[in-house]
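Input: a single structure, listed below in structure tokens.
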Ligand code: FEO
């Protein structure tokens, strides 16, 4: 069994990760709609990664004999006025998720819950990568997004992203 406060935060993180998947699905859907299939692919894979994160939190709780009640996932509420908008929202969202992970880590640290801290170590590193990726997308868009030919090339590059399962696996 885990500490009730840590458990509550971990359960809530399942919902937050599924929301992240839903948000990125919304980004993907928007890009598909405006004909940027490569950007749509990139965020479709991002959505799959977020689903994986949610399932890891669920599995960790199950492995620790915690009962999990799944809550409703909020509707993505973003509006997009340009192809850059989801990229900005994406970075903001990842920074927010980093803060959530750090809050759970802090709660585990306070009560010397070393097992949860070790589980969260992967997510701490992952968030660093996620923020960098989100930042790089903005940088690339700023460099290439305003010229149609360059944007086409960037879209082609993003079309090449393929799904890989998370490096963290739980028994
Ligand atoms: Fe699961 Fe992008 O954080």
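The values are calculated or read from the model by the stated rules, or taken from the named source; none is laboratory data. On a predicted model such as this, the values are computed, not experimentally measured, just so you know. Ideal geometry is used to build each Cβ from the backbone, glycine not excepted, and the neighbour counts take in all protein chains shown.
Worth pointing out:
- Residues that are surrounded by 16 or more Cβ atoms within 10 Å (Cβ to Cβ), more than 10 Å from the ligand (Cβ to nearest atom) and part of a helix (DSSP H, G or I) within the stretch 1-17 comprise 6, 7, 9, 10, 11, 14, 15, listed in sequence order.
- Out of 87, 100, 58, one residue alone is at pLDDT 95 or above, assigned to a helix (DSSP H, G or I) and under 14 Å from residue 26 (Cβ atoms). It is 87.
- Given (1) away from the ligand (no atom under 12 Å from the Cβ); (2) over 13 Å from residue 39 (Cβ atoms); (3) in contact with a helix residue (DSSP H, G or I) (Cβ under 7 Å, 6 or more places away or on another chain), index of the condition residue 158 fails: (2)
- Residue within the stretch 42-55 that is more than 16 Å from the ligand (Cβ to nearest atom), buried (at least 17 other Cβ atoms within 10 Å of the Cβ) and part of a helix (DSSP H, G or I) present: no
- Filtered by the rule that a residue be without any contact (Cβ under 8 Å) to a residue 60 or more places away in the chain and closer than 19 Å to residue 2 by Cα, the stretch 42-59 gives 54, 55, 57, 58.
- Long-range neighbours under 6 Å by Cβ, at least six apart or interchain, first residue farther than 25 Å from residue 133 by Cα within the stretch 93-114, second part of a helix (DSSP H, G or I) and more than 16 Å from the ligand (Cβ to nearest atom): 107/5; 107/6; 108/6; 108/116; 108/117; 113/6
- Looking only at the stretch 61-84, and only at residues there that are out of contact with any helix residue (DSSP H, G or I) (no Cβ under 6 Å at 6 or more places or on another chain) and within 19 Å of residue 24 (Cβ to Cβ), the one that is modelled with the lowest pLDDT: 77
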